[in-house]
Amino acid sequence: MAHPRPLFARRFGRTYQSYHGPVLLSGGADDEGETLPLNKDKVLALLASLADL
């Protein structure tokens with residue numbers, strides 16, 4: 001599998017620049033702007049979706 005940074009970027013339509021460094025995954029934000037965690041099932045689903053690219 002290729003490096004995850006460009007795959008994550010492409011997965012979400014971010015193709016206009018190169019990406020380097022760590023990838024931070026989160027479950028988004030709640031109504032107050034606080035970061036929500038990503039559970040194991042969501043992480044596995046996201047990684048599986050990268051295989052389709």
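None of the figures in this text is laboratory data; all of them are computed from the coordinates on show. Treat the numbers as computed from the prediction; the structure is a model and nothing was measured. Glycine also receives a Cβ, built like all others from the backbone with ideal geometry; neighbour counts cover every protein chain displayed.
Quick notes on this structure:
- Unmet requirement for LEU47, which otherwise passes all of (1) loosely packed, with under 10 Cβ neighbours inside 10 Å; (2) touching a Pro at 6+ places or on another chain (Cβ under 9 Å): (1)
- Selection count, the stretch 17-51, where residues are touching a helix residue (DSSP H, G or I) at 6+ places or on another chain (Cβ under 9 Å) and not small (Gly, Ala, Ser): 10
- Sub-6 Å Cβ pairs linking a first residue in the stretch 31-53 that is farther than 16 Å from LEU7 by Cβ to a second residue that is assigned to a loop (DSSP other than H, G, I, E, B) and basic (Lys, Arg), at least 6 apart or interchain, number zero.
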